[in-house]
Every structure is written in C-alpha cells, then in structure tokens.
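*Asks:* The structure follows.
Just so it is clear, none of the values below were taken in a lab; they were calculated from the coordinates. Given the structure is predicted, the values throughout are model-derived calculations rather than measurements. Neighbour counts are summed over all protein chains in view; Cβ atoms, including those assigned to glycine, are modelled from backbone coordinates with ideal geometry.
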Amino acid sequence: MEQKIYAKIVKYVLVVFIVSVFFFPIYWTITMAFKPHMEWTSSAGEIHWIPKNPTLTNFTSLFQRKVSVVSPLASTAVRPIINSIIISVASTAFTMILGTLAAYGISRYKVAPNLPFMLLGLRMIPLAAIIVPVMVLWAYVGFIDTAHGLIILYALSTLPFAVLLMKTFFDEIPTELDEAAIVDGYSNWGAFTKFILPLAKGGISSTALFCFILNWSDFILALTLTDRKWSTIPVYLDKLQSGYVGKLYGPKAALALIAVIPPVIFGLLIQKYLVRGLTFGAVKK
C-alpha cells in the first residue's frame, strides 16, 4: 500500500516538474512583457522573477513613433501585425481551396494516388537550398516586398500538408454518400459541396489552423523577400534584437504575446470542429 502511495507521489512530482519545464518559457515571456526597462536590463545581475513595478510601456512602445530607450525604432509594429494577418489569412485560404479540391479528386477518383507524398517530399528540401533561386526569380518578376509574392510562396509551401491531411479525411467518408447524392439528381460538384464538405468540417478546420500557424510563424521567407513595406511580425521581432538597437527583451515579449492572439482566436472559433478533425480517422474498425 505504501509503495503505491510513494509511486503516485513520484509520478505527480515528475508530472509537475515536466509541466513546469515546458511552461516556464511562457511564464517568463508573460512576466517579461510587463517588466519596466530597469528590470529586464539589470546591470547588477539581479533576476526579477516577478515584475516589481508592472507596466504597459513595452506594449505601448510598439505602437509609438517616438524614439526612446524602450522604443528605438522609428517604425511601429502596427504595419507588421496587419501584414501578417493579411498574408497569413489569404495564403491559408488559397491553400485550403486548392488543397481541398486536389485531395477530394485524389481520394475519390484515384488520380495520382502517390501525389500527396510526392508533394510532401518537396518539403524535405532544405529551404536554404532554394531560397536564393526563389529570391532571384521573385526579383525578376517584381514580387520582392509585395503581398502577393509572399502569399503565393506561403500557399505553395503549405499546400503539400493540406493535400495530404485532407485526403486522409476524405478517405474516411464513405463513397456511398457521393453515389447516393448523384442518384438523387445532384452533380458531382453538388454532391461535394452539399454533402461531403459539411462532413469534413473538422478536417478542414484543423488543417486550416495548421497551415495558418505555419504561415503566421514563418521567418526565413519573410526576411529574405520583404524589405519595409510588407515585413511581418517575425521580421519585426528580429529587429528588436539587432545589435544597433540593443536587446529589447521587454518589447519582444510584449509583441510575442500579441502574436499569439490570432492563432488562439482562430482555434477558439473552430474548437467545436477541432477535436473531431484532429482525431478523425484515428480509430478504424
């Protein structure tokens, strides 16, 4: 009996320790966002685990053009935030439209059944190996520092994931539903839009969230293919730690918290479909 109690205690202690290790960066980011300048740049080496004088200066500095110690950049974070929202939403929408149609065709009509894995194989190529040719091509066609230039690349880069995931979801929907709808007088397109798509809401939601997060967090493409007009949040975050402005840990933490908001809102909006989508096809009879 005592051994079981000790085993439970050890198990709970390990769980608490592991959870603490994984959640500590989140805790540190949250506290850093509310620390004043003197607490996140202590010259005496003192560590402030909890903000002694909580402030919103780190947040307000992101939206001020006034150059100061906390906000030495002339540009604000407003434009990068708007750019990230526009580019991520648009590229995710294009990815889901193309990926859903391609996945349905592959699943139902057995067209190029190995295509999803071939597309996924393209993602195995290191981005550093193709970024220079892409940059040269984009400069030639005038897509550097443009919204459509990033949207096209983001849509193409996440399309393999969308096709592979959506094909899995469509494979789990019986083909008899399509056949029954066609017998009732619906066209192939009508059967797809009226019956199959509503059943695949969970898969569409989880796949869209996955693609959105990939687009939202991209750094290399945005850094290489944008300059000022269409730079995104990751690029602006990099400016906050560049040598010529110092290590702006407070504003960086504040912007990191702001950057988390859109994916969280997206996840909350689709949460009723998300669990079903993530577990769809996990258990087969």
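*Asks:* Using the per-residue mean of other Cβ atoms lying within 10 Å as a proxy for protection, in what order, highest first, do the peptides 255-264, 91-100, 48-57 fall? Present the calculation step by step, with values, prior to reporting the outcome.
*Replies:* On the way: 255-264: 16.0, 91-100: 21.7, 48-57: 12.8.
Averaged packing, sorted descending, gives the order 91-100, 255-264, 48-57.
*Asks:* Put +1 on the Cβ of every Lys and Arg and -1 on every Asp and Glu Cβ in the chain; which of 64, 142, 159 then has its Cα farthest towards the positive end of the dipole?
*Replies:* Going by the Cα projections, it comes out as 64.
*Asks:* Can you give the relative contact order of segment 2-63 as a percent, counting alpha carbon pairs under 8 Å and 6+ residues apart? Working shown, then result.
*Replies:* Details: 31 pairs, mean separation 18.3, N = 62.
Contact order relative to length: 30 percent.
*Asks:* Helix-only estimate, please: 222 nm mean residue ellipticity of the chain, summing -39500 (n - 2.57) across DSSP H runs of length 4 or more and dividing by its residues, to the nearest 500. Write down the numbers at each step before the final one.
*Replies:* Numbers: 14 runs with 192 residues, N = 285.
That calculation yields -21500 deg cm²/dmol at 222 nm.
*Asks:* Further question on the same structure: Given charges of +1 on the Cβ of Lys and Arg and -1 on the Cβ of Asp and Glu, with all other atoms neutral, how large is the dipole of the chain about its Cα centre, in debye to the nearest 20?
*Replies:* Details: 23 positive and 13 negative charges, 106 e Å.
It works out to roughly 500 debye.
*Asks:* Here's another thing I want to ask about it. Pairs to check: 167/201; 11/52; 52/252; 110/272; 35/252; 11/35. Give those whose C-alpha atoms are more than 23 Å from each other in this structure.
*Replies:* Working: 167/201 13 Å; 11/52 35 Å; 52/252 19 Å; 110/272 31 Å; 35/252 12 Å; 11/35 35 Å.
Too far apart for the 23 Å limit: 11/52; 110/272; 11/35.
*Asks:* Report relative contact order for the chain in percent, whole number only (criteria: Cα-Cα under 8 Å, sequence separation at least 6).
*Replies:* Values: 310 pairs, mean separation 75.7, N = 285.
With pairs under 8 Å counted, the relative contact order is 27 percent.
*Asks:* What do you get for the angle between helix 127-141 and the principal long axis of the chain? Use alpha-carbon atoms, 0 to 90 degrees, nearest ten.
*Replies:* Between helix and principal axis, roughly 80 degrees.
*Asks:* Set the Förster radius R0 to 35 Å, insert the Cβ-Cβ distance between residue 30 and residue 129 as r into 1/(1 + (r/R0)^6), and round the FRET efficiency to 0.05. Don't skip to the answer; put the middle values down first.
*Replies:* Working: r = 37 Å, r/R0 = 1.07.
Efficiency for this residue pair is about 0.40.
*Asks:* Calculate, in nm to one decimal, what residue 224 and residue 48 gain on full extension: separation in residues at 0.36 nm each, minus their alpha carbon distance.
*Replies:* On the way: separation 176, 0.36 × 176 = 63.36 nm, distance 3.63 nm.
Residue separation times 0.36 nm, minus the Cα-Cα distance, leaves 59.7 nm.
*Asks:* Here is a further query. Given the peptides 23-36, 175-188, 75-88, 5-18, arrange them by the average over their residues of other C-beta atoms within 10 Å, most packed first. The partial results should precede the final answer.
*Replies:* On the way: 23-36: 15.8, 175-188: 12.4, 75-88: 18.8, 5-18: 9.9.
Ranked by mean Cβ neighbours within 10 Å, highest first: 75-88, 23-36, 175-188, 5-18.
*Asks:* On a 0 to 90 degree scale, rounded to 10, what angle separates helix 2-33 from the longest Cα axis of the chain?
*Replies:* Taking the Cα atoms of the chain, the angle to 2-33 is about 70 degrees.
*Asks:* Would you work out if the chain is rounded, prolate or oblate? Take a ≥ b ≥ c from the square roots of the eigenvalues of the alpha-carbon gyration tensor; rounded if a/c is under 1.5, else prolate when a/b is larger than b/c, oblate otherwise. Intermediate values should be presented prior to the final figure.
*Replies:* Values: a/c = 2.48, a/b = 1.40, b/c = 1.77.
Judged from the Cα gyration tensor, the chain comes out oblate (a/c at least 1.5, b/c at or above a/b).
*Asks:* Nearest 10 degrees, 0 to 90: what angle lies between the long axis of helix 147-171 and the longest principal axis of the chain (Cα atoms)?
*Replies:* Around 50 degrees separate the two axes.
*Asks:* How far is it, in nm, from the label point at residue 9 to the one at residue 186 when both lie 7 Å from their Cα along the line to the Cβ?
*Replies:* Here the modelled spin labels are 6.1 nm apart.
*Asks:* Among 7, 48, 36, which residue has its Cα positioned farthest towards the positive end of the charge dipole of segment 2-63, with +1 placed on the Cβ of Lys and Arg, -1 on the Cβ of Asp and Glu, and the dipole taken about the Cα centre?
*Replies:* Comparing the listed Cα positions along the dipole, 7 ranks first.
*Asks:* Let me ask you something else. Mind listing the phi-derived Karplus ³J(HN,Hα) values for segment 53-63, rounded to whole Hz, using 6.51, -1.76 and 1.60 with θ = phi - 60°, and x for any glycine or proline?
*Replies:* 10, x, 8, 9, 4, 4, 6, 5, 5, 6, 10
*Asks:* Rounded, prolate or oblate: which fits segment 2-63, taking a ≥ b ≥ c as square roots of the Cα gyration tensor eigenvalues, rounded meaning a/c under 1.5, else prolate when a/b beats b/c?
*Replies:* Working: a/c = 4.54, a/b = 2.80, b/c = 1.62.
In terms of gyration-tensor shape, prolate.
*Asks:* Rounded, prolate or oblate for segment 76-154? Axes are the square roots of the Cα gyration tensor eigenvalues, ordered a ≥ b ≥ c, and the cut-off for rounded is a/c under 1.5. Please report the intermediate quantities before stating the final value.
*Replies:* Working: a/c = 2.62, a/b = 1.55, b/c = 1.70.
Judged from the Cα gyration tensor, segment 76-154 comes out oblate (a/c at least 1.5, b/c at or above a/b).
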